[in-house]
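See below for the structure under consideration.
Every read-out reported here was derived from the displayed coordinates using simple, explicitly stated rules and does not represent laboratory data. Since the structure is predicted, the reported quantities are computational estimates derived from the model, not experimental observations. Heads up, the Cβs are rebuilt from the backbone with ideal geometry, glycines too, and the neighbour counts pull from every protein chain shown.
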Amino acid sequence: MPNSQSGSDDAIIIKKYANRRLYNTQSSSYITLDYLAKMTRDGTDFKVVDAKTGADITHNILTQIIMEEESSGQQMLPVGFLRELISMYGNSMQSMVPQYLEASMESFRQNQEKFQQAVKGSIAANPLAKMAEQNMAMIRDAAGVLIPGASKNRGDKDNDADKEEIAELKAQLAEMQKKMDALTKDS
């Protein structure tokens, strides 16, 4: 789970220079905003500091990443939400908004994890997923019969590919189930 607190003792220090370049002090390499976004998604804790003044500018850089994502067509923040957020600046409730947003995001993250676990559980009990898995096993066995040595020469990579394919099939089945449930509710 990503660490929402920036600046802990084990955080990676990123220096931002006047030429707008970002330098990862842990890997001794220059990085991009896209790489910082990936680090954030991976839950890597980092702190961005101004190379000249040493001031913590993590908040500004994270906001810049959001701006880049929003302007590249990956819009996630609805206009109404943005208007409400802007209207809170200078409001007497402004000091409460950050804690509320953090609590809301944590609750969302927990619900997302519970949903993913529920979906995995329902897929495991889904007879269509079990049939797809059995069909894949039969196809592998048939390939072994038709192409002598094919099953023996298959490495872990192929086995992993099969597992990924099964996972994709399960995800597709879950998506179809959701659509069927939605159609049933609309009826």
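Quick one: if the Förster radius is 25 Å, what FRET efficiency do residue 19 and residue 42 give, using the C-beta to C-beta distance and rounding to 0.05?
0.40
For residue 183 and residue 120, FRET efficiency with R0 = 22 Å and r from the beta-carbon atoms, rounded to 0.05? Before the final figure, lay out each step's value.
Numbers: r = 23 Å, r/R0 = 1.05.
Rounded to the nearest 0.05, the efficiency is 0.40.
How high is the FRET efficiency from residue 106 to residue 33, r the C-beta distance, R0 25 Å, rounded to 0.05? Please list the in-between numbers first.
Values: r = 25 Å, r/R0 = 1.00.
Result of the calculation: an efficiency of 0.50.
Express in whole angstrom the spacing between the alpha-carbon centres of the stretch 16-45 and the stretch 82-114.
Cα centroid to Cα centroid, the span is 26 Å.
Net charge within 14 Å of residue 17 by Cβ-Cβ distance, Lys/Arg positive one each and Asp/Glu negative one each, not counting residue 17 itself? All intermediate terms of the calculation are to be shown ahead of the outcome.
Working: positive: 15, 16, 20, 21, 52; negative: 50.
Net local charge, residue 17 excluded: +4.
Take the cross-link list 38/179; 16/38; 38/114; 16/47; 47/114 and give me the ones stretching past 21 Å between alpha-carbons.
Violating the 21 Å limit, Cα to Cα: 38/179; 38/114; 47/114.
Starting from the Cα of residue 163, draw a straight line to each of the lysines and keep only those under 19 Å, dropping any in the same chain fewer than 8 residues away.
Those lysines meeting the cut-off are 120, 130, 152.
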